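Undergrad: Got a structure for you, questions after.
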Amino acid sequence: MGDHLMMRRPLMSIFAMPWRFTALLAVVSLGSLSAVFSAQPVALDRYESRFYTLYSNLPLAEARRYGGHMDLVFNEFQGRFQSFRDRRRGRQNLYLFRTRQDYVNQMGAFGVKAGHTDGMFFRRNQASGLATYVGDQSDQRVFAVLQHEGFHQFAANYIGDRLPRWANEGLAEYFGQAVIVNRKVRLGNADARRLATIRTAITDGTVINFDDLLNITAHQWHENVRSGSDLGYLQYVQSWSIVHFLIHGDKGRYQRAFGQYLNLLSRGWAQTTAFERAFDTSDTSGFQQRWLEYVQQLKPDSYSEALSQMEFLGSGLRALDRESLGMPTTIDQLKSVLQERQFQVTRMSHAGPIMIEATDESLYHYLAPDGQENPFELKEGQKGFPPSIGASGLRPAPSIQWKRDKQNKLTFKIVYR
């Protein structure tokens, strides 16, 4: 990961590989979990991965697979924020449940209402941890939740509790969008739907003023979410886009200042004074203009887009299998049957559900490195399984791999060759 950055040396470029932050740390004391375990509504096994103590009622092999994924993510956190240190010095707690009801029940035992969430980093009394459930969700969806909430957990333990809401959520969204391919973390992905959201807000004049977003309070943030207004989702997307801009904009010009900004915050500086010192200005108007220009020209990442599309198509095939319907043999046949049956997938976001519908023509082809739009390929699967979906024009080439658990539940994951 490169040379270690000492405390008194200048901050490096932070999101060009490698990047480092130097900071003084806030101490977060989490206490013991022994007092709450006697009240668990579900029986949980415990094992330790490299960076996590994992409590789960999943089969051991499956739990270890998710734990191994988060070890890679945590290693990325530590590598990127190497000069931040965890004074708590210990493994992070990770709760991974088989069903959504198990998740809700256990969070309730910790005194946390989780009925409207898919995952969280929580701290309540003597209990603390990263928590989510698997259910019938795809790996990609579970990974995204774990990565987003996992950053909140990491930030609380390593950076401290003074991160402004926009920076905390923007960085969590940035890491939540990461894709791990053959054990390598791919960062900086840009999702087409969120880009469309922010560009529409810019066109409509509903984009959030920079000063307002940079100084938004936790109460205001949660009120925007609870109100059901478009601001609830927009504040997440806009915060993500600002983080993306600070990391990748103008060939990394703002990386060092962003690192200094987080450094000052971790040392207790107020948001306004930290921003002024790090970026050498108190006027955000020019900053906002450069961000507007950056977002307008930013292109979606074709690889992560393809994985998201494959996740949708895999969910469609699983629905057809569940209803014992005949399986298509080409992508056109799959499109026809999904559209005819008005198939749709609801993905939860932090501000509510996002609907993805089979009528979206972009779901059935992907952008290859040569700029050509290629249809996804359906390949005959093993007996008793749906066909595999692949994108042979990408490198490494992703494809869907099916399996059934002991309850005969059909699941899939994306593998790379």
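The values are calculated or read from the model by the stated rules, or taken from the named source; none is laboratory data. Just so we're clear, the structure is a prediction, and the values are computed from it rather than from any experiment. Every residue, glycine among them, receives a Cβ derived from its backbone with ideal geometry; neighbour counts consider all protein chains shown. Each accessible area value is taken on the protein alone, full model and side chains, heavy atoms only, with ligands, DNA and RNA left out. Shrake-Rupley method; radii C 1.70, N 1.55, O 1.52, S 1.80 Å.
Undergrad: Could we say that Y47 is open to solvent by less than 60 Å² (accessible area, probe 1.4 Å), among the aromatic types (F, W, Y) and at pLDDT 95 or above here? Can you show your working first?
TA: On the way: open to solvent by less than 60 Å² (accessible area, probe 1.4 Å): yes; among the aromatic types (F, W, Y): yes; at pLDDT 95 or above: no.
No: the conditions fail for Y47.
Undergrad: On the phi < 0 side of the Ramachandran plot and either open to solvent by less than 10 Å² (accessible area, probe 1.4 Å) or in a helix (DSSP H, G or I) (or both), is that true of Q137? So that I can check it myself, show each step before the final result.
TA: Working: on the phi < 0 side of the Ramachandran plot: yes; either open to solvent by less than 10 Å² (accessible area, probe 1.4 Å) or in a helix (DSSP H, G or I) (or both): no.
It is false that Q137 is on the phi < 0 side of the Ramachandran plot and either open to solvent by less than 10 Å² (accessible area, probe 1.4 Å) or in a helix (DSSP H, G or I) (or both).
Undergrad: Out of I180, I202, I198, I216, which single residue is touching a residue at least 12 places away in the same chain (Cβ under 8 Å), in a loop (DSSP other than H, G, I, E, B) and open to solvent by less than 40 Å² (accessible area, probe 1.4 Å)? I'd like the intermediate steps shown before the answer.
TA: On the way: I180 fails: in a loop (DSSP other than H, G, I, E, B); I202 fails: in a loop (DSSP other than H, G, I, E, B); I198 fails: in a loop (DSSP other than H, G, I, E, B).
After applying the criteria, what remains is I216.
Undergrad: Confirm whether G170 is more than 24 Å from F275 (Cα to Cα), touching a helix residue (DSSP H, G or I) at 6+ places or on another chain (Cβ under 7 Å), assigned to a helix (DSSP H, G or I) and in contact (Cβ under 8 Å) with a residue 60 or more places away in the chain. First the steps, then the outcome.
TA: Values: more than 24 Å from F275 (Cα to Cα): no; touching a helix residue (DSSP H, G or I) at 6+ places or on another chain (Cβ under 7 Å): yes; assigned to a helix (DSSP H, G or I): yes; in contact (Cβ under 8 Å) with a residue 60 or more places away in the chain: yes.
Considered against the rule, which asks whether it is more than 24 Å from F275 (Cα to Cα), touching a helix residue (DSSP H, G or I) at 6+ places or on another chain (Cβ under 7 Å), assigned to a helix (DSSP H, G or I) and in contact (Cβ under 8 Å) with a residue 60 or more places away in the chain, G170 comes out as no.
Undergrad: Of all the residues that make up the range 249-268, how many are buried (at least 16 other Cβ atoms within 10 Å of the Cβ) and of a type in the set (K, R)?
TA: 1
Undergrad: Where in the range 269-388 are the strands (runs of 3 or more DSSP E), entirely inside, with at least 1 residues that are of a type in the set (V, I, T), surrounded by fewer than 17 Cβ atoms within 10 Å (Cβ to Cβ) and in contact (Cβ under 8 Å) with a residue 40 or more places away in the chain? Can you show your working first?
TA: Working: elements: 344-349, 352-357, 365-367, 373-375, 377-379.
Qualifying strands (runs of 3 or more DSSP E): 352-357.
Undergrad: So, one more: Which one is farthest from the chain's Cα centre (by Cα) among residues in the range 281-304 that are modelled with pLDDT under 95 and acidic (D, E)?
TA: In this case the residue turns out to be D283.
Undergrad: Determine which member of the set F97, F81, F21 is at pLDDT below 95, within 19 Å of the chain's Cα centre (by Cα) and open to solvent by less than 30 Å² (accessible area, probe 1.4 Å). If you could, list the steps in order and put the result at the bottom.
TA: Working: F97 fails: at pLDDT below 95; F21 fails: within 19 Å of the chain's Cα centre (by Cα).
One residue alone meets the criteria, F81.
Undergrad: If you take the residues of the range 247-268 that are among the aliphatic types (A, V, I, L, M) and without any contact (Cβ under 8 Å) to a residue 24 or more places away in the chain, which of them is nearest to A156 (Cα to Cα)?
TA: Here the residue is L264.
Undergrad: Is one or more of the residues making up the range 140-158 at positive phi and of a type in the set (S, T, N, Q)? Lay out the reasoning, then the answer.
TA: Let us first name the residues in the range 140-158 that are at positive phi, namely none.
No.
Undergrad: Across the range 389-417, what is the number of residues that are among the aliphatic types (A, V, I, L, M), touching a Gly at 6+ places or on another chain (Cβ under 8 Å) and open to solvent by less than 10 Å² (accessible area, probe 1.4 Å)?
TA: Qualifying residue count for the region: 2.
Undergrad: Sort through F154, F143 and tell me the only one that's part of a helix (DSSP H, G or I), touching a residue at least 40 places away in the same chain (Cβ under 8 Å) and open to solvent by less than 10 Å² (accessible area, probe 1.4 Å). Before the answer, list the steps.
TA: Numbers: F143 fails: open to solvent by less than 10 Å² (accessible area, probe 1.4 Å).
Exactly one of F154, F143 is part of a helix (DSSP H, G or I), touching a residue at least 40 places away in the same chain (Cβ under 8 Å) and open to solvent by less than 10 Å² (accessible area, probe 1.4 Å), namely F154.
Undergrad: Among the residues of the range 219-248, write down those that are more than 23 Å from M348 (Cα to Cα) and either over 21 Å from the mean Cα position of the chain (by Cα) or open to solvent by less than 20 Å² (accessible area, probe 1.4 Å) (or both). Talk me through it step by step, then tell me what you get.
TA: Step one: filter the range 219-248 for residues more than 23 Å from M348 (Cα to Cα), giving 245-248.
Passing the criteria: F245, L246, I247.
Undergrad: With the structure loaded, tell me whether D86 is more than 27 Å from K403 (Cα to Cα) and either open to solvent by 10 Å² or more (accessible area, probe 1.4 Å) or of a type in the set (D, E) (or both) or whether it fails that test.
TA: Values: more than 27 Å from K403 (Cα to Cα): yes; either open to solvent by 10 Å² or more (accessible area, probe 1.4 Å) or of a type in the set (D, E) (or both): yes.
Here the answer is yes, as D86 does meet what is asked.
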